[in-house]
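Take a look at the structure set out below.
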Amino acid sequence: MGDDGFLKPKAGFATQAIHVGHDPDKFGYGSVVLPIFNTSTFKQIAPAENLGYDYGRSGNPTRNCLEECLAALDGGTDAMAYASGLGATTTVVSLLSSGDHIVSIDDVYGGTNRLFRRVVDRLGIKTSFVNFTDLNDISEAIQENTKMIWIETPTNPILKVVDIAAIAKLAKSRGNIIVVVDNTFLTPYLQRPLDFGADIVVYSVTKYLNGHSDVIMGAAVVKDADLAERLRFLQMAMGVVPSPMDCFLVNRSLKTLALRMERHKKSSLHIAKWLQKHPKVTEVMHPGLPTHPQHELAKRQTSGHSGVFSFRHIGGLKESKKFLDTVKIFILAESLGGYESLAELPSLMTHASVPEHQRAELGISDSLIRLSIGLEDTEDLMEDIDQALKAAFE
């Protein structure tokens with residue numbers, strides 16, 4: 001445990017992030033920066049004989065170096081990069097067949113909710129959305145044809161934390177159920193789901209792993225050889241692959257991941273504690289706060305929290321719109337995890353595709369605002385929030 005009561009980040013994480021996947025002697029010339037193999041196809045020695053690569057969809061040296069690094073950071077054996085986070089999700093769900101069933105956490109990313117309800121459902125794969133903070137609810141939702149359990153922890157945007165190890169144990173006791181954890185909010189620096197029994201970890205690499213708001217990408221990490229083989233085949237067969245340039249950019253970003261996550265973690269907790277005392281704020285949802293209902297679980301399972309959290313104010317839609325119109329440093333935009341601070345209204349933005357009744361059940365109201373704390377000076381961000389809240393209630 002660290003001084004804050006949370007798990008210590010994995011020893012050697014920053015060293016792995018910098019060195020795994022690229023040896024300066026790997027491609028000749030001693031380049032200390034990963035080369036970009038910006039080619040769609042590769043020359044073959046003879047028909048069906050090549051030097052390791054034949055076509056860019058099935059493999060690329062730049063992408064493979066990134067995947068090797070991603071696998072190491074999560075304690076996995078294999079990683080697959082995809083063209084987007086939802087591309088990764090779509091590919092993972094493609095492990096299933098018509099007639100199979102998914103048990104998904106209820107407070108799931110809006111895009112995942114939409115994919116499960118409006119696309120996957122049409123393919124004959126049904127989904128039950130369940131409160132994962134109660135193991136009994138999960139157990140009751142598991143059916144004979146349940147083949148996958150989909151976890152987000154912390155959730156988006158309510159920031160619920162669920163017990164990965166307990167859910168994985170339950171899944172294995174009920175059959176061959178694949179446990180998937182969307183770890184986008186925390187990255188392997190703050191949480192390593194494979195260590196707690198998960199089978200697959202998925203990411204929107206677009207967010208913290210890249211951290212510069214200039215790449216759209218997804219990834220899946222495993223340590224089971226059969227799952228790796230199946231996902232690698234789907235990656236090639238479905239063609240949901242990122243460009244070599246994007247892989248180069250993410251590989252660059254991983255070199256500073258440990259530093260960035262420490263700054264996000266420190267700043268967001270400081271701001272969350274301050275917001276708890278603000279007269280216009282009724283609730284702050286941050287797993288690092290002792291008042292969070294799953295704070296003790298977060299300490300056992302994570303190395304702290306990232307820069308994204310939500311809060312409620314005493315007003316409604318009018319005040320939320322005024323707040324978001326008045327912030328000066330925070331940018332009104334969807335997404336999260338970049339060096340810049342963002343603010344958004346989930347009810348009208350990231351979770352607008354979630355059915356209204358489900359939003360109401362989850363507490364995604366018009367007074368709920370989600371923040372992504374960037375790398376700016378913390379005091380400047382607090383001043384910006386304060387002046388915007390004052391303006392919203394004038």
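What follows draws every value from the coordinates through simple rules; no lab data is involved. This is a predicted model, so every value here is computed, not measured. Here the Cβ positions follow ideal geometry from the backbone for every residue, glycine too, while neighbour counts run over all protein chains shown.
Before moving on, here are some points about what is shown:
- Cut-off 11 Å, label 7 Å out along Cα→Cβ of Met236, residues of region 24-53 by amide N: 53
- Extended-chain gain in nm, criterion 0.36 nm per residue less alpha-carbon gap, Glu68 and Phe393: 111.9 nm
- Summarising the amide proton neighbourhood of Val179: residues at separation of 5 or more, or on other chains, whose placed amide H is nearer than 5 Å comprise Ile149, Asp199, Ile200.
- Antiparallel bridges, percent of DSSP beta bridges restricted to region 13-254 (to nearest 5): 40
- His295-Tyr55 FRET efficiency (beta carbon distance; Förster radius 41 Å; 0.05 resolution): 0.25
- Spatially, region 213-245 and region 38-102 are offset by 4 Å when compared through their Cα centroids.
- Using a Förster distance of 45 Å, the FRET efficiency for Met349-Ala46 (Cβ separation, nearest 0.05): 0.25
- The Rg/Rh ratio of the chain, with both radii computed over alpha carbons and Rh defined as the Kirkwood radius, is 0.97.
- Label-reachable residues, region 341-363, where backbone N falls under 20 Å from a point 7 Å from Arg122's Cα toward its Cβ: 352-356
- Sequence-distant contacts, meaning Cα pairs under 8 Å at least 6 residues apart, place the relative contact order of region 251-323 at 33 percent.
- Once the Cβ-Cβ distance of His357 and His19 is raised to the sixth power relative to R0 = 41 Å, the FRET efficiency obtained is 0.25.
- Residues whose placed amide H lies under 5 Å from that of Gly374, excluding near-sequence neighbours: Ser341, Leu342
- Averaging the sequence gap over all C-alpha pairs within less than 8 Å and six or more residues apart, then dividing by the number of residues, gives region 258-392 a relative contact order of 28 percent.
- For the chain, built as a Gaussian network whose Cα springs stay under 10 Å, the top-fluctuating residue of Val92, Val119, Val202: Val119
- Of Lys8/Lys207; Lys8/Lys223; Lys126/Lys299; Lys266/Lys390, pairs whose Cα-Cα distance is over 28 Å: Lys126/Lys299
- Here the residues Ser306, Ser253, ranked from fewest to most Cβ neighbours within 10 Å of their Cβ, fall in the order Ser253, Ser306.
- Each peptide in 326-333, 46-53 was scored by the mean count of other Cβ atoms within 10 Å over its residues; highest first, the order is 326-333, 46-53.
- Summary value for the chain: 18 percent relative contact order, contacts being C-alpha pairs under 8 angstrom separated by 6+ residues.
- Separation between Cα centres of region 179-197 and region 306-336, rounded to whole Å: 27
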